[in-house]
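The values are calculated or read from the model by the stated rules, or taken from the named source; none is laboratory data. On a predicted model such as this, the values are computed, not experimentally measured, just so you know. Cβ: placed from backbone, ideal geometry, glycine included. Neighbour counts: every protein chain shown. SASA here: full protein model, heavy atoms, side chains in, ligands and nucleic acids out. Shrake-Rupley method; radii C 1.70, N 1.55, O 1.52, S 1.80 Å.
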Amino acid sequence: MAKKNVIVIGGGIAGMESASYLSAMGFNVTLLEKSNELGGHLLNWERLFPTMRYGKQVIDFLAKGIDFEQINKVLNVEIKSIEKKNTQFCVELSNGKTFFGDSILITTGYDLFDAHRKEEYGYGIYNNVITSADLEKIFMSGNPITTTDGKTPKRIGIVHCVGSRDEKVGHVYCSKVCCVTGVKQAIEIKEKMPETEVFNFYMDMRMYGMHFEALYKKAQEKYGIQFIRGRLSEAAENIDGTIVLKVEDTLAGRPLKMNVDILVLLVGFVPSKGSKEVGKLMGLNIGINGFYKTKDQHTLTNVSNIDGVFFAGSCTGPKTITNTITDARAAASSVASYLLGFDLHKRDIENHEEFWLYDSK
Amino acid sequence: MKNFGYTIQNDRQIDYDKNDTKLYDFVAESEKSIRTCIFCGTCSATCTASKFTDLSLRRIILYLKRGLNESLKKEIESCMLCGKCNLACPRGVNTRNVILNIKRGIEHYEL
Amino acid sequence: MIIEGKERIWKDYQKDIAEDNYYYARSCIRQNFFPGSEATFLRILISELGKDVYDDPNHTTCTGIAYHSDIVPLETTMTVVARHFALMTSAGYKNFVPSCITSFGLYTEIIETWYEFPETLEKTRENLYKATRREFEIPDNLAHTSDIIFKYRNEIEKKAKYKLVNKKTGEPLKIVEHIGCHYSKMFPHKGIGGAEYPYVLAGMVDSWGGSVIDYPERRHCCGFGFRQYAVKANRGYSISCSKKKFDSMAPYKPDMIITNCPGCPYFFDRWQYALSEMEGITYGENGNGIPAFTYEEVAGLVLGYDPWDLGLQLHQVACEPVLDKMGIDYIPENKYKGLNNIDLGKPEKATHLKFY
């Protein structure tokens, strides 16, 4: 029997790891990526919570799988159309090339929330307001963290839930990784600049992962990082370029203002542009929050509404690196089972629509 | 009464079993969104009146839920109903209507 | 400050403003607070720009103050507003232009309510008909008078005799802009530039040569509101709000404040006097205050109108420092002369605030 072909769309960590596993299981794998490099967002992230491991080490680890399995990597491409005829998929790229697949695995990931949309926080307007992604760029460059006029910051504020859990921007969901990223970045700042005061402003500290709570405690105990329970209502620029924050210190029950030299906005996950485009091309179901809708929340977490099309990674919702890698392997086994003719993904389960969650009536 | 030189202290504990939630229930009935408050304090941070008066809508909603109606009665008088908190709430609570209904409820129950 | 960032936001908040043929609705209080402003608006539109403006003596209050003080119910307010629209309709106009920010906010809120809840529109039509036998059309275009001046800011600049520039140093005047809350805070898309970084006044300042100051308490309330001022016991709160803003803007050494609400310039002006008497504080240079103007007054100064025709003698914070900086030619002795040179009498001298 001829080897079956799988097309994986998206060369982030989910795409990389599922491609390796699918190839190891005996399928021909083509991995399509729009940029010129595999690794996705992780390429722009220096260290990972909770261990402080370098992101690059994870990418290198995943790349070993890709190289060992001799995956057909196709970089710098955009998808023009995807057609399904019987059980065959035909993916046409904008450069005219076409690929045929017996199954498609979608790993189109997420985009970071555009912090400009929280106008009252002044991102892109006040000089010393940056996002968590901008801070990672500084970490990766090895440059010192300074204000725009080159001074060492005496105090840095980190704001949680920017673009997450916020009806005013239309994102009611939790992005999962920001709380612990805030703790991680606060520690990194303190390691580089022990004299700098760091404050985290939060609604809830969601330390759900293994060792996350330990990292939170270490941030307090070893690094003296402070946590204030209050959500930022607005930021403004002072005459000297520092940023004044307004929150309620909810535990003291009084409004609080604080000047910081740099304000870091922990931006959350939003459905990626790529996911939206591919979703439209193929007619994939989109959930209420804009991420792909899986066939079931608990059981069919990699299965789409189109037979032969599967999902992996954060295209179905915010996920950590660990979650994503696990999900990629799970998706690979779902695809493999389908291609080998098993009907595991067709098992019946009573339908539970997510809609009821969002309907208070 | 004899004075022994010491007093019997009032119990400060919130006695949840004696929690009188009629005012909260009254408000929640006409403005359901109050139930979704997570006490983040964005309303009180953005509040103009809170800068000069002892007003915190977050605390008022908490008092309401705990049935501490006496404590919130005076505090709510400081609200100027400008509605700024309505614009800021991340849970979409209709704060202005919450306040109006608390006032209606206070009148209704003659608290 | 990254100006491109603000410009991006301004692009997101544009609105349609009618070209001509305006039905003008005056404010209840502006003619008392700053009596030259509305006359100046009409003068600019009719004489300078050649527009058709209908100044209708038959319209009444929109009930805004009473509505926001919980005295008049919304249903009544809707009927009163509907009557204004009926007056507009019967005068043959479609573009409604209120002079008051609260009216503008209220008209906007009511039109939006009618749109979201059509049964309230039907009820209003019925109420108005029962009460007055009138019928009305919703305006094609609703814009605040400051929107109109914004729209024609560059035409005004072309006719300008003076710029918002310090004539001696050549530096742009440093100007604090403050919009009324009801302009765009309730409906950000109905205001030019939105609610967080409004452009309606900043655009005028840009066109006329000044430079806008963005200070930390820019978004804070001026202290007017209705409840905080209407009730005397609350006035301490009102003045504290204004003080918070003055304290925050003072380090930038602003030359003036420009506003588009009936209340804000009044409170910025009068509370500076009260603060100087209560605590001996003055916020300008050499015992002066920071003059607070309406946008019509500023437009009038730019066009070279006589400051005393603009009614600037009714400000408690003297306007003379700004007039001198702009190099405006004026006759100081005429300050307290009314029409036909009748002596208006002089106000009592303030203890700390400089008097001219």
Checking the table C:K11/C:K174; C:K245/C:K349; C:K174/C:K325 against a 20 Å threshold on Cα-Cα, which pairs fail? C:K11/C:K174; C:K245/C:K349
The set of cysteines in chain B having no other cysteine's C-beta under 4.7 Å reads B:C37, B:C40, B:C47, B:C79, B:C82, B:C89
Please report the equivalent ellipsoid semi-axes of segment C:89-192, computed as sqrt(5 x eigenvalue) of the Cα gyration tensor, largest first, in whole Å. 38, 16, 10
For A:V244, the accessible surface traced by a 1.4 Å probe with all protein chains present amounts, in square angstrom to the nearest 10, to 10 Å²
The pairs in A:K34/A:K80; C:K159/C:K253; C:K15/C:K185; A:K118/A:K168 lying past 20 Å Cα-Cα in this model are C:K159/C:K253
Multiply the residue separation of B:Y6 and B:K22 by 0.36 nm, subtract the distance between their alpha-carbon atoms, and state the gained length in nm to one decimal. 2.1 nm
Rounded to two decimal places and with Rh computed the Kirkwood way over Cα pairs, what is Rg over Rh for segment C:160-341? 0.96
Among C:N288, C:C222, C:G210, whose Cα projects farthest towards the positive end of the dipole of segment C:160-341, with charges put on the beta-carbon of Lys, Arg (+1) and Asp, Glu (-1)? C:C222
Using the Cα atoms as the points, what is the convex hull volume per residue of segment B:60-111 in Å³? 75 Å³
Partner shielding of A:225-236, as the mean number of partner chain Cβ atoms within 10 Å, equals 5
Lys/Arg +1, Asp/Glu -1 at C-beta; the protein assembly as shown dipole; positive extreme among C:C100, C:H84, C:S69: C:S69
Between the alpha carbon centres of segment B:63-111 and segment C:223-288 the gap in Å comes to 29 Å
Using 20 Å bins from zero, what percent of all Cα-Cα pairs in the protein assembly as shown falls into each bin? 13, 38, 33, 14, 2, 0
Ordering B:I38, A:I7, A:I349 from largest to smallest accessible area (1.4 angstrom probe), what's the sequence? A:I349, B:I38, A:I7
What is the mean number of Cβ atoms from other protein chains located within 10 Å of the Cβ atom of each residue in peptide C:237-243, rounded to a whole number? 3
Viscosity 1.002 mPa s, temperature 20 °C: what is the translational diffusion coefficient of chain A from Stokes-Einstein with a Kirkwood Rh over Cα pairs, rounded to a whole number of µm²/s? 98 µm²/s
Cut-off of 10 Å, at most 16 other beta carbons, DSSP loop: longest stretch of chain B lacking such trypsin sites (Lys or Arg not before Pro): B:13-111
Segment A:106-124: which residues show an accessible-area loss of 10 Å² or more, assembly versus chain alone, 1.4 Å probe? A:H116, A:E119, A:E120, A:G124
Under a point-charge model restricted to the Cβ atoms of Lys and Arg (+1) and Asp and Glu (-1), what is the dipole moment magnitude of segment B:19-108 relative to its Cα centre, in debye to the nearest 20? 260 debye
Loop only per DSSP, at most 15 neighbouring Cβ atoms within 10 Å: give me the GluC sites (Glu not before Pro) in segment C:44-142, ordered by residue number. C:E135, C:E137
Sort by residue number and name the cysteines in chain C that have no neighbouring cysteine Cβ under 4.7 Å. C:C28, C:C62, C:C100, C:C181, C:C221, C:C241, C:C319
DSSP-loop trypsin sites (Lys or Arg not before Pro) across segment A:109-218, with at most 11 other Cβ within 10 angstrom: none
Given the rule -39500 (n - 2.57) for each run of at least 4 DSSP H residues, summed and divided by the residues of chain C, what is its mean residue ellipticity at 222 nm, to the nearest 500 deg cm²/dmol? -12000 deg cm²/dmol
In a Gaussian network model of chain A with springs linking alpha carbons closer than 10 Å, the residue among A:L62, A:L284, A:L266 that fluctuates most is A:L284
Give the cross-link partners of A:K319 among the aspartates and glutamates, using a straight C-alpha distance below 14 Å as the criterion and excluding same-chain residues fewer than 8 apart. A:D111, A:D327
Determine the equivalent ellipsoid of segment A:271-353 by diagonalising the alpha-carbon gyration tensor, then write out the semi-axes as square roots of 5 times the eigenvalues, largest first, rounded to whole Å. 19, 15, 13
Charges only on Cβ, +1 for Lys and Arg, -1 for Asp and Glu: so what's the dipole of chain A about the Cα centre, in debye to the nearest 20? 320 debye
Short version: what are the Cα gyration tensor semi-axes of segment C:20-145, square root of 5 times each eigenvalue, largest first, in whole Å? 25, 17, 12
Quick one: among A:I138, A:I79, A:I13, which has the greatest mean-square fluctuation in a GNM of chain A with alpha-carbon springs under 10 angstrom? A:I138
The percentage of the accessible area of segment C:265-356 (probe 1.4 Å, all protein chains present) made up of carbon and sulfur atoms, to the nearest whole number, is 48 percent
At 1.4 Å probe size, with every protein chain present, just tell me what the per residue accessible area of segment C:43-107 comes to in Å². 37 Å²
Can you tell me the FRET efficiency between C:K123 and C:N32 if r is taken as the Cβ-Cβ distance and R0 is 45 Å, rounded to the nearest 0.05? 0.85
Links exceeding 22 Å between C-alpha atoms in this model, out of A:K56/A:K217; B:K74/B:K103; A:K257/B:K51; C:K232/C:K335, come to A:K56/A:K217; C:K232/C:K335
Simple spin-label model, 7 Å along Cα-to-Cβ: C:K158 to C:I71 in nm? 4.6 nm
Before I look further, what does segment C:160-341 give for accessible area per residue, probe 1.4 Å, in whole square angstrom? 34 Å²
Mean accessible surface per residue for chain B, computed with a 1.4 Å probe while every protein chain stays in place, in Å²: 58 Å²
Taking the Cα centre of chain C as the origin, how large is its charge dipole in debye, to the nearest 20, when only Lys and Arg (+1) and Asp and Glu (-1) carry charge on their Cβ atoms? 620 debye
Taking GluC sites (Glu not before Pro) as exposed when in a DSSP loop with at most 12 other Cβ atoms inside 10 Å, chain A has its longest clean stretch at A:196-349
Label-point separation in nm, C:R134 to A:Q57, each point 7 Å along Cα→Cβ: 7.7 nm
Which parts of segment A:153-174, residue by residue, lose 20 Å² or more of accessible area when the rest of the protein chains are there, as against the chain isolated (1.4 Å probe)? A:R165, A:E167, A:K168
Find the relative contact order for segment A:184-283 and round it to a whole percent, using C-alpha pairs within less than 8 Å whose residues are 6+ positions apart. 18 percent
When each pair of different Cα atoms in segment A:75-143 is counted once in the 1/r mean, what is the Kirkwood radius in angstroms, to one decimal? 16.0 Å
Cα Rg, Dmax, segment A:1-157, angstrom units: 19.9, 67
Am I reading the A/C interface right? What is its buried accessible area, both sides, 1.4 Å probe, to the nearest 100 Å²? 1500 Å²
With an 8 Å Cα cut-off and a minimum separation of 6 or more residues, compute the relative contact order for segment C:20-145 in percent. 32 percent
Give me D for segment A:115-268 in µm² s⁻¹, whole number, from Stokes-Einstein with Rh from the Kirkwood sum over alpha-carbon pairs, 25 °C and 0.890 mPa s. 158 µm²/s
Rg/Rh ratio calculated on Cα atoms of chain C (Kirkwood radius): 0.96
Unit charges at the beta carbon, dipole of segment A:237-315: most positive-side option, A:T242, A:M282, A:Q297: A:M282
If Rh is defined by the Kirkwood formula over all Cα pairs and Rg also comes from Cα, what ratio Rg/Rh do you get for segment B:19-108? 0.91
